[in-house]
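Everything below concerns the one structure shown next.
The values are calculated or read from the model by the stated rules, or taken from the named source; none is laboratory data. Model, not experiment: these values are computed from the prediction. Here Cβ is always computed from backbone atoms with ideal geometry, including for glycine, and neighbour counts include all displayed protein chains.
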Amino acid sequence: MPFTVRTMTVADRHDVSELIYISINHWYQTHGCPPIFTGGPSSCNVFFDVYETLDPGCGIVVEHDETGTLMASCFYHPREHHVSLGIMTAHPNHFGSGAGKALLQHIIDYSETQNKPLRLTQSAINVDSFSLYNKAGFVPRHAYQDMFLEIPNDGLRQQPEGLRFVRAATSADITQMSELEYQIARITRDKDYQFLIDNQDGLWSISVYVCPESHQILGFLGSCAHPATNLVGPGVAINDHVAIALLAHQLNQHAGRTPVFLLPVESEKLVRAAYDWGARNCEMHFCQVYGDYYPFEGVNIPTFMPETG
């Protein structure tokens, strides 16, 4: 099938949003799950808008040469020490056409020219996408359990002890946040922290856990309140105790909603705390890495926007 890989443009915004909406809902519904997105394709405009704001020109599409229709799309995010692979979709009519493989190879080639590892957070139940990444050279390095929790209108009833050390992040915190994430995950992304702190869309929240003795930041965690992506993350913490307090603080920003969050399967105390609050599992995800990988030295809580892996 003749197609062309090209850079996404503003004129593609509606078509990309519709592609994301249709392709992801189709996959889940044909595998016995409810749709991920509701409210129509325009609800997925948030992906184009956020990624284009953070990384202009870092969206790519596969366009059918004869019809001009978009067969597949993807976003990527170059950062100081890595490249993140964002949401990648192919239209159901073009599954198996090679469009997804072409997109992936385009971004792999880019990351290799930058001499940086390529990272993503990928569904563990979508064997087709797992195979696509795995065959291309990605290695699953970390497992997460996706959990969701209905937050009461007045917030969580449980109040972890460390909650009193958590506050909203400010621009003055960015240097410490960057240093901490590099220590734990070997990545930094100052522009993402600033984006969440600025919160110009009124959708974002990010908080920090500050040690009362040293005044050092021991963890941070963000979240998004958009109807199409009500997710907690990204964030890191030096241990489960800090992560529990941060998670509670962020969940309280979503009173009356049901946010989703990804917790490392080996963070036993963190996972147990979420269960105690009433959280339930809904899926599993992997951190997949193409290139150099360093094991996490703390708790890593990923999300799908801004994508981290």
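Worth pointing out:
- Test: residue in region 266-289 that is of a type in the set (D, E, K, R) and over 24 Å from PRO152 (Cβ atoms): yes
- Candidates are the residues of region 44-59 that are touching a Ser or Thr at 6+ places or on another chain (Cβ under 8 Å) and of a type outside the set (Val, Ile, Thr); the one that is surrounded by the fewest Cβ atoms within 10 Å (Cβ to Cβ) is GLY57.
- Matching residues, region 134-169, being assigned to a loop (DSSP other than H, G, I, E, B) and under 17 Å from PRO212 (Cα atoms): PRO160, ALA169
- Matching residues in region 133-168 - criterion: being of a type outside the set (S, T, N, Q) and within 19 Å of the chain's Cα centre (by Cα): TYR133, PHE138, VAL139, PRO140, ARG141, HIS142, ALA143, TYR144, ASP146, MET147, PHE148, LEU149
- Being in contact (Cβ under 8 Å) with a residue 40 or more places away in the chain, surrounded by fewer than 21 Cβ atoms within 10 Å (Cβ to Cβ) and of a type outside the set (Val, Ile, Thr) is not true of GLU179.
- Some residue of region 254-265 being hydroxyl-bearing (Ser, Thr, Tyr), more than 24 Å from HIS81 (Cβ to Cβ) and modelled with pLDDT of 95 or more: yes
- Residue match in region 208-215 (condition: surrounded by fewer than 24 Cβ atoms within 10 Å (Cβ to Cβ) and either in contact (Cβ under 8 Å) with a residue 60 or more places away in the chain or assigned to a helix (DSSP H, G or I) (or both)): no
- Of residues in region 296-309 being at pLDDT 95 or above and surrounded by fewer than 21 Cβ atoms within 10 Å (Cβ to Cβ), the one farthest from LEU263 (Cα to Cα): GLU297
- Of note, HIS142 does not satisfy the criterion of being surrounded by 16 or more Cβ atoms within 10 Å (Cβ to Cβ) and touching a Pro at 6+ places or on another chain (Cβ under 6 Å).
- In region 1-32, of all residues being of a type in the set (Ser, Thr, Tyr) and under 19 Å from ALA124 (Cβ atoms), the one that is surrounded by the fewest Cβ atoms within 10 Å (Cβ to Cβ) corresponds to THR30.
- Sole residue being assigned by TED's automatic domain parsing to the domain that holds MET71 and in contact (Cβ under 8 Å) with a residue 40 or more places away in the chain, chosen from GLY137, GLY86: GLY86
- Condition check for PHE130 on (1) in a helix (DSSP H, G or I); (2) closer than 26 Å to GLY68 by Cβ; (3) among the hydrophobic types (A, V, I, L, M, F, W, C): one failure, at (2).
- Listing of helices (runs of 4 or more DSSP H) fully contained in region 1-119 that carry 1 or more residues being more than 20 Å from the chain's Cα centre (by Cα): 13-29, 99-114
- Exactly one residue out of ALA168, ALA172 is in the same structural domain as GLN183 (by TED's automatic domain parsing) and without any contact (Cβ under 8 Å) to a residue 12 or more places away in the chain, and it is ALA172.
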